[in-house]
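S.K.: Can you read through this structure? Questions will come right after.
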Amino acid sequence: MATVTEENPLVEGLERLPVHPTTLVIFGGTGDLAHRKLLPAIYNLAHEGHLPERFNLIAIARTEQPHEAYQQSMRDSIRRYSRTEPNPEVLDALLENVRYISGSFDDASVYDEVVKCANWFDERAGIVFNRVFYLSTAPQFFPVIVEQLGTHKMDRMKGAEVRIVIEKPFGTDLASARKLNRTVLREFRESQVFRIDHYLGKETVQNLLAFRFANTFFEPIWNRNYIDYVQITAAEDLGIGTRAGYYDQSGALRDLIQNHMSQLLALLCMEVPASIGANPLRDEKVKVLRAIVPPRLEDVPEMAVHAQYTAGTVGGERVPGYLEEPGVPPDSHTETYAALRLHVSNWRWAGVPFYLRTGKRLARKVTEIAITLKPVPHLAFRERGSLGVQPNQLILTVQPDEGVSLSLGAKIPGNLMRIRPVNMEFHYGTAFLSQSPEAYERLILDAMRGDASLFTRDDEVEAQWSIYDPILEAWHNSSEPPAQYPSGTDGPEEANRLLEFGHHWRQL
């Protein structure tokens, strides 16, 4: 079978190759991510015929329970969270090859059991299955599991491919990311490591590549000569819910900007790679990230704003402020909103500001990229009653209403030359009349194939952290508390100071 290596990052036609028989091992198999996302994704891959014909699943967690109990909980999760109605025959066939191992992640006997169970699957089938280890655990267990896999000689296997998938967050700052990278790469080769960012598995994020590199008319204007500024928004209307323990140690910048939004920025700004393969694609993204000069500590107040939501009204309901949420320390300075102004210092983008913002308890849930072109050089239309000639905008919506919108100036019907903005729109669902697969379906399948195109590389992770480390340090050392904004609004007034002359935030 053709394989992906560092020398051969992507085999032509890889997406059409069958997936080698695989044993998938999920550490944290009883966690929320596993039940809501991973297990339903695995079922949908089976339902659509994308899983290999021979597939086994080993789940590991601390809860004591027999195989049958875990299989039943997996059945319940798939019925509840699957995007398709479960087919009993497909589900039964999938569950038949599911095994459960209980124990602590630092217990060597657990890994002995994993080896024994995986070898039993091999012996029963008379073949050697590929191994994929999926770390769906709290981050503090990543190095523990990696080292145990190395100690038990599970990082290599004769006659089969071994890969490891590591969930976010990959480090909490540059130093911890480098330390984790060193730990992982002591046991695994970089070509075996799949650092997951589920945003890259979204259809509309991948569509960024299609719109940029499969359409001729975008390229001539995709530069500083025609683009005035770019805005990337990831807004949520929900609060932190029951995630105070995690969120108060993370904050908005680590939770979304450092990973998801940085990936959107890199895909938006990158040069066309020689091929859409793992290493050519990631090479170009790293160039973009390295072109963003990290701010000096004294410059952070001028290019970054952090804030916390206070009590307010969302969807007609009164909601508490962040400091009133269960489990949040009353003196917490953790940001629930972050906004930045960044510059990509290269030939294509010099002088174009990129505004990034994300927050909890905002007016509505939306993730979008808004590209505003420069205004026309001479305004010839001045008829009364005209709404004016506005700069053209290209809006790429990632969620919830996936699609693309282009605003144009058009004449209002009548005897006068009156102008108003109109939109040309493409909606993903109506255009293709199909439901988009979940991001985890694509990413799990790619990990089993060995295609790392939609996963982050070690130098990419470190380049991302290099940008944001000074911002986190400045906020941590500041005696000033975060700004505040009422729940259900567009964010704090302080975010407006980031905008250059004539620019404005899009209304949520």
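The values are calculated or read from the model by the stated rules, or taken from the named source; none is laboratory data. What you see is a predicted model, and the numbers here were worked out from it, not measured in a lab. With ideal geometry, Cβ positions are generated from the backbone for all residues, glycine too; neighbour counts draw on all protein chains shown. SASA here: full protein model, heavy atoms, side chains in, ligands and nucleic acids out. Shrake-Rupley method; radii C 1.70, N 1.55, O 1.52, S 1.80 Å.
S.K.: For the chain, what does -39500 (n - 2.57) per DSSP helix run (n ≥ 4), summed and divided by total residues, give at 222 nm, in deg cm²/dmol to the nearest 500? Mind dumping the intermediate values first?
M.R.: Details: 14 runs with 153 residues, N = 508.
Mean residue ellipticity at 222 nm (helix-derived): -9000 deg cm²/dmol.
S.K.: What does the accessible area of E219 come to, in Å² to the nearest 10, when a probe of 1.4 Å is used?
M.R.: 80
S.K.: Going out from 0 in 10 Å bins, what whole percent of all Cα-Cα distances in segment 294-404 drops into each bin?
M.R.: Histogramming segment 294-404 at 10 Å steps yields 11, 26, 30, 23, 9, 2 percent.
S.K.: Could you tell me what percent of the accessible area of segment 293-348 is made up of carbon and sulfur, with a 1.4 Å probe and every protein chain present?
M.R.: 56
S.K.: Right, something else. Quick one: putting +1 on the C-beta of Lys and Arg, -1 on the C-beta of Asp and Glu, what dipole do you get for the chain around its Cα centre, in Debye to the nearest 20?
M.R.: Details: 53 positive and 66 negative charges, 240 e Å.
With Lys and Arg at +1 and Asp and Glu at -1, about 1160 debye.
S.K.: With every protein chain kept in the model, how would you rank R361, R124, R243 by accessible area, 1.4 Å probe, largest at the top?
M.R.: Values: R361 35, R124 120, R243 95 Å².
Solvent-accessible surface, decreasing: R124, R243, R361.
S.K.: Continuing with the same structure: With a 1.4 Å probe and all protein chains kept in place, how do R418, R156, R186 rank by accessible area, largest first?
M.R.: R186, R156, R418
S.K.: Accessible area per residue, 1.4 Å probe, Å², for segment 282-398: what's the number?
M.R.: Here the residues of segment 282-398 average 48 Å² of exposed surface.
S.K.: Farthest toward the dipole's positive end in the chain, which of S176, L149, P400, given Cβ charges of +1 (Lys, Arg) and -1 (Asp, Glu) about the Cα centre?
M.R.: Projecting each Cα onto the dipole axis, the largest value belongs to P400.
S.K.: Which percent of the accessible area of segment 420-508 is formed by carbon and sulfur heavy atoms (probe 1.4 angstrom)?
M.R.: Answer for segment 420-508: carbon and sulfur cover 49 percent of the accessible area.
S.K.: Continuing with the same structure: For all pairs of alpha-carbon atoms in segment 207-310, what percent lies in each bin of width 5 Å, listed from the first bin to the last filled one?
M.R.: All Cα pairs, binned at 5 Å, distribute as 2, 9, 15, 20, 17, 13, 12, 8, 3, 0 percent.
S.K.: Now a separate question. How large is ³J(HN,Hα) for each residue in segment 393-402, as worked out from phi by the Karplus curve 6.51 cos²θ - 1.76 cosθ + 1.60 (θ = phi - 60°), to whole Hz, x for Gly and Pro?
M.R.: 10, 10, 10, 9, 9, 7, 7, x, 8, 4
S.K.: Right, here's the next one. Place the peptides 133-144, 289-300 in order of packing, highest mean first, counting for every residue the other Cβ atoms within 10 Å and averaging per peptide.
M.R.: Ranking the peptides 133-144, 289-300 by packing returns 133-144, 289-300.
S.K.: Pull out the extension gain between R296 and H476, defined as 0.36 nm times the separation in residues minus the alpha carbon to alpha carbon distance; nm, one decimal.
M.R.: Length gained between R296 and H476: 63.4 nm.
S.K.: Provide K374, K168, K158 ordered by accessible surface of protein heavy atoms (probe 1.4 Å), highest first.
M.R.: Largest to smallest exposure gives the sequence K158, K374, K168.
S.K.: Can you compute the FRET efficiency between E64 and W120 using 1/(1 + (r/R0)^6), with r the Cβ-Cβ distance and R0 = 25 Å? Round to the nearest 0.05.
M.R.: 0.75
S.K.: Okay, moving on. Return the whole-Å distance between the Cα centroid of segment 323-363 and the Cα centroid of segment 91-166.
M.R.: Using only Cα atoms, the two centres lie 38 Å from each other.
S.K.: Follow-up. Ignoring ligands, DNA and RNA, what percent of the accessible area of segment 88-223 is carbon or sulfur (1.4 Å)?
M.R.: After summing per-atom areas, the C and S share lands at 54 percent.
S.K.: Continuing with this model, one more query. Suppose we keep just the DSSP beta bridges with both residues in the chain; what percent of those would be antiparallel, to 5?
M.R.: Here the antiparallel bridges make up roughly 55 percent for the chain.
S.K.: Let me ask you something else. In Å², what does the accessible area per residue of segment 107-152 work out to with a 1.4 Å probe?
M.R.: Per-residue value: 41 Å².
S.K.: Of the options H333, A235, L323, report the single residue whose Cα projects farthest towards the positive end of the charge dipole of the chain (beta-carbon charges: Lys, Arg +1; Asp, Glu -1).
M.R.: Value: A235.
S.K.: Related question: In nanometres, what is the gap between the two model label sites at R178 and A214, each 7 Å from Cα along Cα-to-Cβ?
M.R.: Here the modelled spin labels are 4.0 nm apart.
S.K.: Round to a whole angstrom and tell me the spacing of the C-alpha centers of segment 206-233 and segment 177-202.
M.R.: 29
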